[in-house]
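Worksheet: the structure to be examined is printed underneath.
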Amino acid sequence: MFNVSRPVVLDINTQGDLFSPRGIYTLHEVAAVLPRMREFFAGVAAAHVPVVSTRLHRVLMPGQTGDVPIGVPNTAGFCKLPFTLLRGAVELPLDCGTDFPADGFNGAPQYIFDLPQINPFELPRFDRLLSESDAPLWMVVGGPLESCVRMAVLGLVQRRQKVVMVTDCLAAHDAYRGQMALRQLESKSIDWMTSDQAMAKFTARPRRVIPMATLRTRRLAGLRRAMRGVDPVGVVERSATPIDLTARAGRRRLRH
């Protein structure tokens, strides 16, 4: 079990072939999504939020025109967008193994997986990490919404993980299919929020707890504060004399 006390960002395929105007499979409305995504990842880096990232590795998308696959190594389309990379990120090899660093997210702020197919959960090591992590929340960004993102979200829900979609950091290749995928996910009661709401969630400062000893000291200091026109020393000395206490007791008895 990988213990995570903070929300984790699941970054799906933010690479050149999808999120660049000159990419092989450029997604719809990338120009509007990129500024929000850049802002979001800046907040992630500042708040030290752990990230799990994926990128397609020689994949032909359903209905893709042309025989050139997405994510050919050593090309600009294979590389992740620079602002999505955290310092100290670890790239995991593309194989069928399930081994994983024992210290989990304590050993690296970001893990990057290469996907040989559009369903990320068909990669055993990726499946193990997301299945065995006890993160309080997974915040999903990236694309394509109608295929890879949809499968990732549904896979997390099947593994009883809490998921939220950061809607202004998601992009689809086909606008209509993207809307249909979003409606399907919403019908399964999957939450969504904007990038501003997501950043407020993981950058919120914890409430400061004041120790009881400090509160007691402040209270006593307030009680010792002298009243205007009253000599505190004289009042204390007069109230401490036995004669004064006896006289008060006598007055109480006479009244009854």
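The values are calculated or read from the model by the stated rules, or taken from the named source; none is laboratory data. This one's a predicted model, so the numbers in the text were calculated from it and none came from an experiment. In this analysis, Cβ positions are derived from the backbone assuming ideal geometry, glycine residues included, and neighbour counts consider all displayed protein chains.
Tabulated data for the structure shown
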| item | result |
| --- | --- |
| From Cys79, Cys96, residue being out of contact with any Cys (no Cβ under 7 Å at 6 or more places or on another chain) and in contact (Cβ under 8 Å) with a residue 40 or more places away in the chain | Cys79 |
| Residue ID - modelled with the highest pLDDT, chosen from residues in the range 199-216 that are surrounded by 12 or more Cβ atoms within 10 Å (Cβ to Cβ) and either out of contact with any helix residue (DSSP H, G or I) (no Cβ under 7 Å at 6 or more places or on another chain) or of a type in the set (Asp, Glu) (or both) | Ala200 |
| Selected residue [out of contact with any helix residue (DSSP H, G or I) (no Cβ under 8 Å at 6 or more places or on another chain) and in the same structural domain as Asp17 (by TED's automatic domain parsing)] from Asp127, Asp114 | Asp114 |
| Which numbered condition Arg128 misses (of (1) part of a helix (DSSP H, G or I); (2) in contact with a Leu (Cβ under 6 Å, 6 or more places away or on another chain)) | (2) |
| Total residues in the range 99-132, condition over 18 Å from Gln158 (Cβ atoms) and polar (S, T, N, Q) | 2 |
| From the options Val141, Val157, Val164, residue that is in contact with a Cys (Cβ under 7 Å, 6 or more places away or on another chain) and either under 27 Å from Ile190 (Cα atoms) or among the basic types (Lys, Arg) (or both) | Val141 |
| Some residue of the range 146-158 being closer than 27 Å to Ile24 by Cβ, aliphatic (A, V, I, L, M), out of contact with any strand residue (DSSP E or B) (no Cβ under 7 Å at 6 or more places or on another chain) and part of a loop (DSSP other than H, G, I, E, B) | no |
| Residue in the range 165-177 that is in contact with a Leu (Cβ under 6 Å, 6 or more places away or on another chain), modelled with pLDDT of 95 or more and either part of a helix (DSSP H, G or I) or among the β-branched types (Val, Ile, Thr) (or both) present | no |
| Qualifying residue in the range 148-161 (condition: among the basic types (Lys, Arg), out of contact with any Asp or Glu (no Cβ under 8 Å at 6 or more places or on another chain) and buried (at least 16 other Cβ atoms within 10 Å of the Cβ)) | yes |
| Options Gly142, Gly107, Gly71; residue that is touching a strand residue (DSSP E or B) at 6+ places or on another chain (Cβ under 9 Å), of a type in the set (Gly, Ala, Ser) and either under 22 Å from Ala200 (Cβ atoms) or not assigned by TED's automatic domain parsing to the domain that holds Leu170 (or both) | Gly142 |
| Subset tally (residues that are small (Gly, Ala, Ser), within 15 Å of Arg128 (Cβ to Cβ) and part of a loop (DSSP other than H, G, I, E, B)) for the range 84-105 | 2 |
| Filtered residues of the range 45-83 (kept if among the aromatic types (Phe, Trp, Tyr) and part of a loop (DSSP other than H, G, I, E, B)) | Phe78 |
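Residue-wise test of (1) modelled with pLDDT under 95; (2) under 23 Å from Val163 (Cα atoms).
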position	(1), (2)
Ile24	yes, no
Arg38	no, yes
Phe41	no, yes
Ala47	yes, yes
Val52	no, yes
Arg55	no, yes
Met61	yes, no
Gln64	yes, no
